[in-house]
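Trainee: My structure is below; once you've seen it, I'll send some questions.
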Amino acid sequence: MRRVSPGSLSSCIGKLLKCILQSCSLITVSKFKQTIIKSLANESFVGSGYHSLGIIYGVFSASNLLAPTVVAIIGPRSTLILSGVIYSCYIAVFISPTTWSLYFTSVLIGIGAAMLWTAQGNYLVQNSSVSTINRNAGVFWSLLQCSMLFGNLYIVLDWNGKTEITESNRKTIFVILLVLSILGTLSFTVLRKPSLQEEILSEEEGRSLISIHVKYMQRATSAVNEAKSELRTMLQLFQTRVILLLSSCMAYSGLELTFYSGVYGTCIGATTHFGKKAKSLIGLSGILVGIGEIVGGGLFGLMCKHNRFRRTSVVILGMVAHFIAFYLIFLSIPNDASVVVKTSTQHEPYLVPSVPIALLCSFLLGLGDSCFNAQLYSLLGCVFAEKSAAAFNIFKLIQSLCAAGAFFYSGYLLLSWQLLAMVLLGISGTFCFFLVEKMQDAPIDFPEH
């Protein structure tokens, strides 16, 4: 990894802050999208926030395979700008939504998100050295998780005491998010190029259109060859025992991602017992999820590093946190909270819904997610140290596909069935995680081709 100038940290941090503007917008939208769509008075609009999110994650999973090629050809900065424009278009749709525009931009945002995340990682690496990559990555992830706080804080303040989301409320928040997204996109245009000696053409090349054409053809050819090689590696890893076992862990990660990022907030907002506080609790729930993510990622990331026993212990802690949350949600949230559209909940829960319990569950969902995913990343990095990029691509592929499927069924399955699916998959995923830990000392069975 190349050594960069002292100014790289400020450039890198600046870029990270700009990415946070984009992330804050989309994370906020995903948290309350279904609630917003349910509030629309337009009878001609028949779109579903769950279906939209399902499309996003489905397209995202497929686009991840092609995004590295795009970044390699046009560069990370141009990719960031392009993805920023797509993000802004997606947010603008909610100012005056139609069914076709919602689903069309959902496809676009799935592509844009894949390009954004790939370009972010590429730019981060190019502006870091061996000694600074951990610091810069840590700053990025901390700021990213903090982005869950800002948008949700606005929801808490603006929606407090409101039982219905009016057209004025909807337009106000999406205009604010659109401005943030546009500012983030414009900021990308002033990023310095990460490698001047590679990006700036020589005077002779700059005067020759043929040289420029050849340069980009070489980039494209190299990128396509690398993409083919990466795909072959992924297919090879798909046939190993380790990936087959960890597939249940990855699938569980997708299901619980769907639940805490989109379903649980909708359930809270639809719970009649919370009265006028219900809508503002969606934002407060998102803040508690973010705090849980930050606490789990920071605390256990520092404590557990590469100790196998502690890694297993953290996974157990994460699953216990999730199972406690699932049980409390099952008892205290109405069973039809995830599926009601124009009305409030009709089913009576076993316990009277409580704000403290609902927010505790939000924190536990974030804490468990950070524990489980951090250790899964760590395990993949240890087992596939020389093929980590392909292993992580498989993880994102399976996670995104399962998240997409979960969003599609979330509007039809009662809450209890969704919780049961996560419990069963969580148990099998944890068991398979332990098996892979024990297999680490054995050679990995890469099939020969």
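The values are calculated or read from the model by the stated rules, or taken from the named source; none is laboratory data. Since the structure is predicted, the reported quantities are computational estimates derived from the model, not experimental observations. No Cβ is skipped: glycine too gets one built from the backbone with ideal geometry, and neighbour counts run over all protein chains shown. Heads up: the accessible areas ignore ligands, DNA and RNA and are worked out on the full protein's heavy atoms, side chains in. Shrake-Rupley method; radii C 1.70, N 1.55, O 1.52, S 1.80 Å.
Trainee: Within segment 339-384, which residues are at pLDDT below 85 and under 23 Å from residue 49 (Cβ atoms)?
Mentor: 339, 340, 341, 342, 343, 344, 345, 346, 347, listed by residue number.
Trainee: Picking from 56, 111, 86, which residue would you name as being under 19 Å from residue 406 (Cβ atoms), buried (at least 19 other Cβ atoms within 10 Å of the Cβ), modelled with pLDDT of 85 or more and not polar (S, T, N, Q)?
Mentor: Selected residue: 56, the only one of 56, 111, 86 that is under 19 Å from residue 406 (Cβ atoms), buried (at least 19 other Cβ atoms within 10 Å of the Cβ), modelled with pLDDT of 85 or more and not polar (S, T, N, Q).
Trainee: Within segment 71-101, how many residues are hydrophobic (A, V, I, L, M, F, W, C) and in contact (Cβ under 8 Å) with a residue 40 or more places away in the chain?
Mentor: 10
Trainee: Pick out the one residue from 374, 389, 358 that is assigned to a helix (DSSP H, G or I) and open to solvent by less than 40 Å² (accessible area, probe 1.4 Å).
Mentor: Every option except 358 fails the conditions.
Trainee: On the basis of being modelled with pLDDT of 80 or more, buried (at least 18 other Cβ atoms within 10 Å of the Cβ) and closer than 13 Å to residue 181 by Cβ, does residue 106 make the cut?
Mentor: Considered against the rule, which asks whether it is modelled with pLDDT of 80 or more, buried (at least 18 other Cβ atoms within 10 Å of the Cβ) and closer than 13 Å to residue 181 by Cβ, residue 106 comes out as no.
Trainee: In this structure, does residue 258 turn out to be out of contact with any helix residue (DSSP H, G or I) (no Cβ under 8 Å at 6 or more places or on another chain), open to solvent by less than 10 Å² (accessible area, probe 1.4 Å) and β-branched (Val, Ile, Thr)?
Mentor: The answer is no for residue 258.
Trainee: Tell me, which residue of segment 312-355 that is farther than 21 Å from residue 421 by Cα and touching an Asp or Glu at 6+ places or on another chain (Cβ under 9 Å) is least open to solvent (accessible area, probe 1.4 Å)?
Mentor: 345
Trainee: What is the number of the single condition among (1) surrounded by fewer than 22 Cβ atoms within 10 Å (Cβ to Cβ); (2) polar (S, T, N, Q); (3) at pLDDT 75 or above that residue 5 does not meet?
Mentor: The number of the failed condition is (3).
Trainee: Would you confirm, using the coordinates I've provided, whether residue 425 is surrounded by 19 or more Cβ atoms within 10 Å (Cβ to Cβ) and of a type outside the set (Phe, Trp, Tyr)?
Mentor: Taking the combined requirement at face value, the residue satisfies it.
Trainee: Test residue 217 against the criterion of being at pLDDT below 85, assigned to a helix (DSSP H, G or I), surrounded by 14 or more Cβ atoms within 10 Å (Cβ to Cβ) and aliphatic (A, V, I, L, M), and give yes or no.
Mentor: No: the conditions fail for residue 217.
Trainee: Looking at segment 263-273 only, could you name the residues that are buried (at least 20 other Cβ atoms within 10 Å of the Cβ), closer than 15 Å to residue 346 by Cα and not polar (S, T, N, Q)?
Mentor: Those that are buried (at least 20 other Cβ atoms within 10 Å of the Cβ), closer than 15 Å to residue 346 by Cα and not polar (S, T, N, Q): 267, 268, 269, 270.
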